[in-house]
Amino acid sequence: MNKPFIATLIVLLITPAWAKQPVATGYGGAVATISEPASQAAMRILNAGGNAVDAAVAAAATLGVTDPFSCGIGGGGFMLIYSAKDKKIISIDSRETAPAYFSPQIYKKEGKEMEWDDVVPTGISVGVPGTVRGWHEALARYGTMDMARVLQPAIQVADTGFKISPNFYRINQINEAKFARFSSTSALYLKDGKALPIGTSFRNPDLAATYRAISKGGVKAFYEGQLAKQIVDTVNAPPVAAGVAVLTGKMTLADLKDYEARLRQPIHSTYRGLDLYGMAMPSSGGIAIAEALNILEGFDLKTMPRDQVEHLYMEAAKLAFADRNAYVADGEYTDVPKTGLLSKAYAAERAKLIDLKQSHGKANAGDPFLFQDDQSRPLRPKVSLSTEPAHTTHLTVSDKEGNIVAYTFTIEDWGGSGIVVPGKGFLLNNEMTDFEFSGPHPNIPEAGKRPRSSMSPTLAFKNGKPLFSIGSPGGSTIITTVLQTIVNHIDLGMPLADALAAPRLSQRNGDKTQVETLLKFVGSPQAKALEQYGHQWNETDEIGAANGLQFNSDGSTTAVSEPLRHGGGSAIVQKPQ
Ligand code: GLU
């Protein structure tokens, strides 16, 4: 035997089956998340007989401990569930909701829009959190275990703690100034005003206690009573450090008590014979991805070289984003021309605007109303590209019965509003800054409304059988990440793991396309080939640490996480191949 072979064998023998790896293939249940403890939490629940919904909530609660700047019970999200028994896709919307005091004027001062950065670290960016209600609905309707059982692994991680990773440190450090504004947040995440160093053993007993309270009291323990009062008090009088002045909210106990997670019909579309299910409004993800794919369906991508496929993908994304920016918002508050946006005939019209060889700058919104039965249209909105940074987390789980969960949840910005509820161990969201700050626009702030999101948990089926699940963090880049991964997988024929790991090209109707320094894209032959079409780049560190599951034709499942982004993720299968 040669030496490398022996070395590999030794590594395999001493590596536990659950050691962190980004790709795993096997049978039974499968999970992919960005956090190893979260993937292990899901696996523990699956091994204890729980289903995919139970395991997804266990993973999510653990991510709230290990990735507290991306997600948690202070925020909201969207969960897609495939129920194998019912052959049905369910979506649960636990998006944060604007408190009753909100009005379209909230983010205006002396007639002018306030600065996004000035609104984020304040009480007026905080929406009513939806996550706990979402977990409750998912477990009560589609799970087999109760909240107390599925929160156990997360409580254990919060109690025992973990070593701070370079990625945890990086995000904490970016947020030092924001966190230093609030005494409760500095006390948890900073030391002498600086991010806790890499390698520090970090525990969050306050969050463990909060999870215990929810285990004991159920959903009411969050939305009514003592904890609800503390959330409201924190939003309305944030615990500021000495000398800091902050805008205060006017959230009420009724805002919390009245919060509802909504069961929504998912967006259904088809692409080259596949059935795709995505998230409906208030997320723009399902519609934008479906529109872009409908546009691409008109091109014979299989016969084209990779650079041309990627050129067309970016042009289709641009057109879909022009429409998404103009028309999509909370469908309970505005008439979104959903039928038109999803129609293949409309996509064919949009596709005519694409030049096979050349990119021609920004796109205008189209007229989807012509493709609706009801062609009455609201006032034409002002179209802006508001600040939409890139955070959040996505996880996906399947079980041995064939149930699947794809779940994206967030507190919006890294570290949300920056406000930890004192003594409770979790950060409050700043999701309300996902509204447009002024109108006319369908996505202006209004009481009880949910801001437009880009979160895009997606499930794909072929001939009625699950083919893959995919989802990503990353603000509005979520849409392009999910879309590009689908194109890579379906049109360029890459296995899902390669499709997800490939360099991202995020064209959101901007002058330039966002690409990653992490993957050294600029200067690569791939970049140079695309420059011939007129594409230009705008670099960022990395885009969207995605997670997915590929259901293989031999009955096995490949769980796929990130090899590099966000420090690398963790994929585990119940019975490795
Ligand atoms: N607020 C974003 C959305 O709902 C998610 C946060 C992010 O990924 O930056 O689309």
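The values are calculated or read from the model by the stated rules, or taken from the named source; none is laboratory data. None of these values were measured; they are calculated from a predicted model. Note: ideal-geometry Cβ built from the backbone for every residue, glycine included; neighbour counts use all protein chains shown. Areas reflect the complete protein model, heavy atoms only, side chains present, ligands, DNA and RNA absent. Shrake-Rupley method; radii C 1.70, N 1.55, O 1.52, S 1.80 Å.
For the stretch 253-282, the set of residues classified as open to solvent by 30 Å² or more (accessible area, probe 1.4 Å), of a type outside the set (A, V, I, L, M) and closer than 17 Å to L459 by Cα consists of R264, Q265, H268, T270, R272, G273, D275, Y277, listed by residue number. On inspection, G534 fails the criterion of being more than 16 Å from the chain's Cα centre (by Cα), within 25 Å of I411 (Cβ to Cβ), more than 16 Å from the ligand (Cβ to nearest atom) and not β-branched (V, I, T).
Can Y327 be described as in contact with a Pro (Cβ under 8 Å, 6 or more places away or on another chain), at pLDDT 95 or above, open to solvent by 30 Å² or more (accessible area, probe 1.4 Å) and not charged (D, E, K, R)?
no
Residues of the stretch 262-292 that are under 20 Å from the mean Cα position of the chain (by Cα), within 25 Å of D355 (Cβ to Cβ) and not small (G, A, S): I287, I289, E291. In the stretch 36-78, the qualifying residues are those that are hydrophobic (A, V, I, L, M, F, W, C) and surrounded by fewer than 24 Cβ atoms within 10 Å (Cβ to Cβ), and the one that is nearest to V573 (Cα to Cα) is A48. Residues that are hydroxyl-bearing (S, T, Y) and either open to solvent by 20 Å² or more (accessible area, probe 1.4 Å) or on the phi > 0 side of the Ramachandran plot (or both) do occur in the stretch 149-162. Condition check: within 14 Å of the ligand (Cβ to nearest atom), farther than 24 Å from V232 by Cα and among the polar types (S, T, N, Q). Does S417 satisfy that? So S417 does not fit the description; no. In the stretch 552-577, the residues that are within 10 Å of I34 (Cα to Cα) form Cβ pairs under 6 Å with partners that are basic (K, R) and part of a loop (DSSP other than H, G, I, E, B), at six or more places apart or across chains, as follows: S570/K20. Whether any residue in the stretch 41-54 is at pLDDT below 70 and in contact with a Pro (Cβ under 7 Å, 6 or more places away or on another chain) is what I want to check. Scanning the stretch 41-54, I find no residue that is at pLDDT below 70 and in contact with a Pro (Cβ under 7 Å, 6 or more places away or on another chain), so the answer is no. Here G471 clears all of (1) farther than 21 Å from S561 by Cβ; (2) within 16 Å of the ligand (Cβ to nearest atom); (3) open to solvent by less than 10 Å² (accessible area, probe 1.4 Å) except the condition numbered (1). Pairs meeting the criteria (first residue in the stretch 364-375 and surrounded by 12 or more Cβ atoms within 10 Å (Cβ to Cβ), second residue at pLDDT below 90 and of a type in the set (D, E, K, R), beta carbons under 8 Å, at least 6 apart or on different chains) are F369/R377. Of the residues making up the stretch 408-426, none is within 30 Å of K85 (Cα to Cα), assigned to a loop (DSSP other than H, G, I, E, B) and either out of contact with any Asp or Glu (no Cβ under 7 Å at 6 or more places or on another chain) or of a type outside the set (G, A, S) (or both). Do we have E332 as without any contact (Cβ under 8 Å) to a residue 60 or more places away in the chain and under 24 Å from the mean Cα position of the chain (by Cα) here? Here the answer is no, as E332 does not meet what is asked.
Scanning the stretch 91-120 for residues that are within 21 Å of the chain's Cα centre (by Cα) and open to solvent by less than 10 Å² (accessible area, probe 1.4 Å), we see that the one that is farthest from L467 (Cα to Cα) is V120. With respect to the conditions (1) of a type in the set (A, V, I, L, M); (2) more than 9 Å from the ligand (Cβ to nearest atom); (3) more than 29 Å from G249 (Cβ to Cβ), I479 falls short on a single one, namely (2).
For residues that are of a type in the set (D, E, K, R) and within 20 Å of A290 (Cα to Cα), scanning just the stretch 436-462, find the one that is nearest to the ligand (Cβ to nearest atom). Give the steps one after another, and end with the answer.
At the first step, the residues of the stretch 436-462 found to be of a type in the set (D, E, K, R) are 436, 446, 449-450, 452, 462.
After this cut, where a residue has to be within 20 Å of A290 (Cα to Cα) as well, the list is 452, 462.
Values: R452: 8, K462: 28 Å.
Per the criteria, the residue is R452.
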